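The values are calculated or read from the model by the stated rules, or taken from the named source; none is laboratory data. Fair warning: this is a prediction, and the values are worked out from it, not measured in the lab. Please note: Cβ atoms are built from the backbone with ideal geometry, for glycine as well, and neighbour counts cover all protein chains shown.
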Amino acid sequence: MPSFWQQMPFVRILIAFVMGIIWTEHFSFSWLNGALLALAAFVSIILTRLFSKTINSPLQLGLAYFTIFICLGACCLKLDINKQHLGHFSAQNYSAILVQITQKPQFTHQRWKAEAEIIACYTEEKKAIPCSGKLLLFGKNTPALPAHYGNQFLIKSGIQEIVANNNPGGFNFRTFMQRKGIFHQCFLAENSAILFRPKQGNTILQQVFTFQDYIHQSLQKNLSNKNEIAIAEALLYGYDKDIDEEINDAFSKTGTLHVLAVSGMHVGLIFMLLNWLMSWLVKLPHGKGIKAILELFGIWLYALICGLSPSILRACVMFSFVIVGKQLSRSSNPFNSLSAAGFLLLAIKPYMLYNVGFQLSFAAVAGILGFYPFLNLLFQFKYTLFNEIWKIIAISLAAQTLTIPISIYYFHQFPNYFLLANLLIIPLSTLIIYGGIMLLIVSPIQILATWLGFLLGKLITLITGISLFLAQLPYSSIDSIIWSIPSICAYYLIGIACIQYFSSRNSMAIQSILLILIVLAFFGLNRSWTNHKRNSLCIYARKHSLVLQVQQSYTLQIWHRGNDSAGIKEKLVRPYLMVYPATHQKWHSLDSTNYCLTLPSKQKLYVLQQSCLSKNLDHAIVLLAGKKPQNLMQLLDQSKPQQVILHSDIPLYRKKIYITILQKKQIPYHDITENGAFELSL
């Protein structure tokens, strides 16, 4: 009988492939070193095959294959990066660029944003040069510059690089967009852009977005308020941009946010519906094949309508493997099918690995496959209703086992009532999904549509009320939980070891768990010691207010200008504390005058917001801030600072003058607008 790992070759392939992607993303990758490593592994395989009678080393062979797939993952990501930069428009000399909107624009009041593809660059002589690249477009919805999928715009100016704020622990928007191949952004204005050609997009996608508009109009016509429409859209095709923030937070705190993001559950429901509707086909000649083709067409059409998000792609690929496997009368290990789906998606688009939806979806399905069979057998009840209730509880528990670390890492909270919430909301959301499909079918018959819309609205109100009620209960969630990367890795390795133990009762799995716990304890002690010894200065990237802080061991001192202390705590200090814990905080207010702060290293930090000609700035750190001009040339003639930091509230024209002077005087400087937050170990 094949061993635990032999039954799942794609699991091992996927692990190696992911390691290759992470290696290339976080460390330098050389084509030569990668090729030499892959060649060495290939030669090792050949030698092992040739001398298999004298060399019997399955471990050596496995390591060789593992190395090859690590190199393959690294190469795939490197090729994807190179493809993004090949013929990029930023390397061209152009007077205008032609772009085309490639997705359905998202509207917020009178503004919109959308991703766009660069089609061509135009030179001063009006010659079109084909080029590549993507752009994040913003604009006001006006007749001159309408927002619609497929619209082409000729842009003359206003293109800027996406700048990272690099605030410690904060969301890095620049990295997020770069992983999508987008490095620049542009706000469309009537004096810098014109509509070139309207509606030039892909015909199929045009029809998909038209159908999405039909769904929105049908829901708008038959549901009573915007919250009902927003939740119905999220459940039916994954559009969750219009959901009220309070409702979204309630679903998050109750552990049911996955219901509002189209994923495996939704694809499974569509698959079950298609399977039931077409069950009669199996009685016809070649009916099984026709049924399989229609099921594949149905789930992929649904994926297209939902925008082909990573979570739904993973689900559709896996269901496709299941459908094809049944057609070929072959059954495989479900982990192998899941890993094959993951490998295929990452080979096509490696950066999908860093998509939170993809990670959560993949982890939830892996948890259900690994733990649900054992949890379901724990209790068997006499009545069918109780067994069905326990199935929902078991599925929720199994899904949570592997999604917990990802949720904690990104959202820093754990929903305490997730079992009760899922038990109530999952059956109701299933009714809403099927009811929404029925509403779209009977929409032309107004009497039926009105009554069905009324019932649908009551169900949506019910699940919204349940979420809000549970979220407001005492101890509904544990907040501000901090998990490091080693902790998450250890959790998943322990999860794999547990699945292996339950599957084969292998004692090596228990030994592996003990070893992982020992290593994790070592990392924990090392992190505690590092935090205890931490002395640092941080000047945050915040455009309209000055915020700086000094951490000395577990004490954090924050200086800020302005009255938005609540916003600073929530958006800047709280994310920082998630990474670097501190038990004591001291807050100080700043005004628009000059300050001199003595740092724990005895260095001086001068905050200059007014004109200053002090002669005592030698070897000090100087922060220039505010809109008032500084005589920087005279200042540097009299002293030589260690470093100058330029705050983001300095006017752009004045900042350019400062940078020219600093470069001429060869003084190190840090521009917060261009380089993000300034950090210094003291």
- Restricting attention to the stretch 18-43, the residues that are at pLDDT below 75 and outside any helix (DSSP H, G or I) number exactly 3
- Query: helices (runs of 4 or more DSSP H) wholly in the stretch 213-314 with at least 2 residues that are assigned by TED's automatic domain parsing to the domain that holds Met352 and farther than 27 Å from Tyr409 by Cα - which ones?
  - Reply: 226-237, 264-277, 287-305
- Query: Would the stretch 122-131 turn up any residue that is of a type in the set (Gly, Ala, Ser), surrounded by 15 or more Cβ atoms within 10 Å (Cβ to Cβ) and touching a residue at least 12 places away in the same chain (Cβ under 8 Å)?
  - Reply: no
- Note on the structure: Residue count, the stretch 310-342, condition farther than 25 Å from Val356 by Cα and either at pLDDT below 75 or of a type in the set (S, T, N, Q) (or both), comes to 9
- Message: Taking the conditions exactly as written (closer than 25 Å to Ala120 by Cα, more than 18 Å from the chain's Cα centre (by Cα), surrounded by 14 or more Cβ atoms within 10 Å (Cβ to Cβ) and among the aliphatic types (A, V, I, L, M)), does Ile162 satisfy them or not?
- Response: no
- Message: Please count how many residues of the stretch 127-183 are of a type in the set (A, V, I, L, M, F, W, C) and not in a strand (DSSP E or B).
- Response: 11
- Restricting attention to the stretch 417-429, does a residue exist that is touching a strand residue (DSSP E or B) at 6+ places or on another chain (Cβ under 8 Å) and assigned to a helix (DSSP H, G or I)? yes
- Every listed condition ((1) farther than 30 Å from Trp483 by Cβ; (2) out of contact with any Phe, Trp or Tyr (no Cβ under 6 Å at 6 or more places or on another chain)) holds for Val622 save (2)
- Item | Answer residue from the stretch 176-204, given it is within 24 Å of the chain's Cα centre (by Cα) and of a type in the set (S, T, N, Q) and is surrounded by the most Cβ atoms within 10 Å (Cβ to Cβ) among those | Gln185
- Message: Checking Ile270 against (1) under 28 Å from Leu338 (Cα atoms); (2) under 25 Å from the mean Cα position of the chain (by Cα): exactly one of these is not met. Which one?
- Response: (2)
- Message: among the basic types (Lys, Arg), at pLDDT below 80 and within 29 Å of the chain's Cα centre (by Cα): is that true of Arg574 in this structure?
- Response: no
